[in-house]
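Every number here is computed from the coordinates shown, using simple stated rules; none is lab data. Here the structure is a predicted model, which means the values were calculated and not measured. Cβ placement follows ideal geometry from the backbone for every residue including glycine, while neighbour counts extend to all protein chains displayed.
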Amino acid sequence: MNQGRGFPAYDRLYPVEPMRRACYGYGFSIVVRRWAAAVIDYIVLAALVAGLVTINLWTGIPEWPGFITFMVTFTMLLVFAYYWLLEGFTGFTIGKFLLRIRVLQGDGRVPGLLKSLLRTLLRLIELNPFLLGGLPALICTAATQSKQRLGDMAAHTYVVKLESLPAEQRGSTRVLVSAFSVAGILVLVMAALGIREIIHRETATQPVMSKDMPIQLSVQKDWKVFEEMSGKKLFSLTNEKEDSDVMVASEPLESLDGDVQLQDYFRIMRETMLGEAANDDSSIIEAPRMLEIDGHEAILFKYKSSLGEDKMNYVWSGVLKTDKYIYQLNAWTPESSSEKVQEEVEKVLLSFREVDPEGDSI
């Protein structure tokens, strides 16, 4: 039926609301605009939530019971209010404003709080990214002549292109541009804070102390103490995600015969680790080098070995001598691991510190 498409006699008998008439002329382009606006709104809301989480992390998450539940509830209410209040009072969200579309009643007025409430409640089902990914709204909007989703039908509202509207129904452009510009800046700041915090937490290190030895290593979040391999003379850390391990063994100097030199202990350690291949340089990746770790002289080298397994590994072995102990430093990661992972493993090894029970350097 061609009602509302230029039949004056029919229109006089069955008048069509101006906004509904405008929607009759739209093709699939309005569906694309609405979808793009929804994506922009999701990004805006994600940035706001990321900013809120970051602020909580910076200020310290309170330990009172129910705080996490409170924050989840507050976030859900913030998302709900974003659509309910903005569309109710202005007919816009940030996404709709940028895509130049507006929610209006059939006579051209903004929806108001009641109609906007209906649209927002049904949005939870139609446009929930975690529930069918917004497919119900897409199908309904594309299939109906007036390009309405279920929320529009229930609230008797329409999403109209601004170019279809007379000037007085497009909204106070100057005021809206100013308001949404401020909101956009706020969103960008919140997003930047969230991204910065994510990057910081991914790369930040934290000290991990041995329970039985006076040592400490600094690791990123994926590392944990390998309890089964740790004890009075052994401190072991593992990264299950990257299949990497670091191990530090200690030997009190008083238990060794005579004045043990670093070079001599290193030679013995190398022969023990490499066996018959100790003098074969073909497996050596980085030749033994002198360096300083925690203010103490150390020797470290890198080589390839199967370590008695089927797969080949990159292995770091070294020795470090302090006033009371001599430490053997070992780490390994699969040969297939990336350079970034290899650098991280070596950094863990080089973060060695000899500390007292309070965590202060000796």
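What the table shows:
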{"read-out": "Highest-first arrangement of 261-268, 322-329, where packing means the average Cβ count within 10 Å", "value": "322-329, 261-268"}
{"read-out": "Relative contact order of the chain, defined on C-alpha pairs under 8 angstrom at six or more residues apart (%)", "value": "13"}
{"read-out": "Region 8-202: Cα Rg divided by the 2.2 N^0.38 Å rule of thumb", "value": "1.15"}
{"read-out": "Convex hull volume of the chain per residue (C-alpha atoms, cubic angstrom)", "value": "211"}
{"read-out": "Kirkwood Rh in Å, taken over region 121-255 so that all alpha-carbon pairs contribute", "value": "21.5"}
{"read-out": "Kirkwood hydrodynamic radius of region 208-354, from inverse mean 1/r over distinct Cα pairs, in Å", "value": "15.6"}
{"read-out": "Per-peptide average of other Cβ atoms within 10 Å, ordering 65-78, 283-296, 99-112 highest first", "value": "99-112, 283-296, 65-78"}
{"read-out": "Between 0 and 90°, nearest 10: helix 29-59 axis offset from the chain longest Cα axis", "value": "40"}
{"read-out": "Charge-dipole axis of the chain as Lys and Arg at +1 and Asp and Glu at -1 on Cβ define it, positive-most pick from LEU253, GLN105, PRO207", "value": "GLN105"}
{"read-out": "With Cα atoms, 0 to 90° folded angle of helix 262-274 axis to the chain main axis", "value": "70"}
{"read-out": "Region 71-179: C-alpha gyration tensor shape, a/c 1.5 cut-off, then a/b vs b/c", "value": "oblate"}
{"read-out": "³J(HN,Hα), Karplus 6.51/-1.76/1.60, whole Hz, each residue of region 351-356, x for Gly, Pro", "value": "7, 3, 9, 8, 10, 8"}
{"read-out": "Under 19 Å from the Cα of LYS224 - lysines, other chains or at least 8 residues apart", "value": "LYS211, LYS232, LYS233, LYS241, LYS340, LYS347"}
